[in-house]
């Protein structure tokens, strides 16, 4: 196991250390799809995506970049208000495997803190860029 995976795990465990909740395994019905969006929000596409999801009564999960969340806090609040899950996709979308421990921790923690502050609740999930 490489050091990036270990550091991400340690940071995420530390994020959850104050409150750990068991999540029951959910076996979706045949044909169920989990709809996720990465790399946003942005002022052009995200409102259109949210409009379609609202019109079709569909919930999604948005994995947002901390840098973009900071620029578009109203879009994050709209996602939350309309029932979507929102979590982190890092601060700037780097390849986390190529970062020093200090830079890796910044990517995870800074993004988490910005998104949590905007939403008014602590987020506890990270989808690493590039599927790493």
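What follows is calculated from the coordinates using simple rules that are stated; it is not laboratory data. From a predicted model like this one, the values you see are computed outputs, not experimental measurements. Methodologically, a virtual Cβ is constructed for each residue, glycine included, from the backbone with ideal geometry; neighbour enumeration extends over all protein chains shown.
Modelled label-to-label distance, residue 81 and residue 105, 7 Å Cα→beta-carbon offset: nm?
A separation of 3.7 nm, rounded to one decimal place.
Under a plain spin-label model, where a point goes 7 Å from the Cα along Cα-to-Cβ, how far apart in nm are residue 45 and residue 58?
So the two model labels end up 1.5 nm from each other.
Report the equivalent ellipsoid semi-axes for the stretch 34-131 in whole Å, largest first, defined as the square roots of five times the eigenvalues of the gyration tensor built from alpha carbon atoms.
Semi-axis lengths for the stretch 34-131 are 24, 13, 11 Å.
Counting alpha carbon pairs within less than 8 Å and at least 6 residues apart, what relative contact order, in whole percent, applies to the stretch 20-132?
RCO, the stretch 20-132: 25 percent.
R0 = 22 Å: FRET efficiency of residue 36 with residue 122, Cβ-based, nearest 0.05?
Rounded to the nearest 0.05, the efficiency is 0.65.
What ratio of Cα Rg to 2.2 N^0.38 Å holds for the stretch 90-132?
Against the empirical 2.2 N^0.38 Å value, I get 1.14 for the stretch 90-132.
Using the count of nearby Cβ atoms within 10 Å as a rough guide to exposure, how do 36, 46, 61 rank from fewest to most?
36, 61, 46
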